[in-house]
Amino acid sequence: MKAPTQLAELIHEMRNELAVATANLEGLIDGKFAPTPERLLGILQALSQLDSLIGDLGGIDPNVQMSLHPTLMNVCELLDHEYAAIEALARAKDIKVSIHRCAMPSARCAQFYGDPARIGQIVKNILLNAVRYTPRGGTVSVDCDHPSDQLQVRISDSGPGIRESEVDEVFEAGVRGSASADTDGSGYGLAIVKQLVEAHGGLVTAAASGSHGASFTVRLPGVAPTHEGCETCSEKGFPQQ
């Protein structure tokens with residue numbers, strides 16, 4: 001698979017963040033949304049992620065690799081801000097977004113280990129795809145769970161779906177499913193998702209669902225390595241403890 005490290009792919013991610021921030025600010029100006037702390041934090045999170053992407057440009061080098069900066073964070077708060085931020089784009093298409101959160105105690109949510117900017121990119125890319133490919137009046141559902149010490153997020157939509165033969169191909173850079181031919185897109189988003197998920201030591205899968213929508217599941221480990229000499233941990237960007 002071609003690694004999504006080109007300048008065009010970074011621009012794709014920047015446009016995602018700008019689209020989310022702009023839609024929310026327009027909604028606030030038009031009085032469609034109340035300026036709640038959660039919504040404002042969602043906008044701030046999008047702008048913070050945009051700043052991280054600008055750093056990825058590495059001056060004028062168009063082939064710079066995306067770096068990881070893992071830290072302990074509250075992953076539930078991070079995801080809630082992403083969900084709130086996507087609502088403006090969904091409402092513009094009369095799409096209903098339903099969120100099912102697990103019963104994880106907040107203290108455990110705050111002990112998740114990963115790169116907050118990159119995890120935000122992962123979830124935002126899949127959510128944006130779901131909203132873009134879902135027809136007006138459709139639905140997008142998010143199911144968040146924490147089996148063992150992992151984070152599992154499943155995002156499903158009522159869009160055109162994915163053919164069985166294309167469930168692996170859709171994660172290749174520049175490739176778009178045949179069912180999405182009538183929708184604008186670059187084909188970079190899911191390739192970036194796969195790269196960032198695997199950089200965290202996780203797994204992302206797509207479910208073939210014919211003409212009844214698509215479903216994407218992201219699984220990320222959330223435990224910081226605590227032993228020295230872990231070559232695998234070092235390769236994934238985790239600091240030695």
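Couple of notes before you dig in:
- In the stretch 11-43, the residues that are outside any loop (DSSP other than H, G, I, E, B) and free of Cβ contacts under 8 Å to residues at least 24 places away in the same chain: Ile11, Arg15, Thr22, Leu25, Leu28, Ile29, Pro37, Leu40
- Hey, Ile11 modelled with pLDDT under 80 and not small (Gly, Ala, Ser) or not: yes
- Conditions (1) more than 16 Å from the chain's Cα centre (by Cα); (2) within 22 Å of His12 (Cβ to Cβ); (3) hydrophobic (A, V, I, L, M, F, W, C); number of the one not met by Ala107: (2)
- Within the stretch 92-121, restricting attention to residues that are of a type in the set (D, E, K, R) and surrounded by 13 or more Cβ atoms within 10 Å (Cβ to Cβ), the residue that is farthest from Lys32 (Cα to Cα) is Arg108.
- Candidate set from the stretch 60-83 (those that are modelled with pLDDT of 85 or more and touching an Asp or Glu at 6+ places or on another chain (Cβ under 7 Å)); member that is surrounded by the fewest Cβ atoms within 10 Å (Cβ to Cβ): His69
The values are calculated or read from the model by the stated rules, or taken from the named source; none is laboratory data. What you are looking at is a predicted structure, and each value in this text was computed from that prediction instead of being measured. Cβ atoms come from the backbone with ideal geometry, glycine included; neighbour counts cover every protein chain shown.
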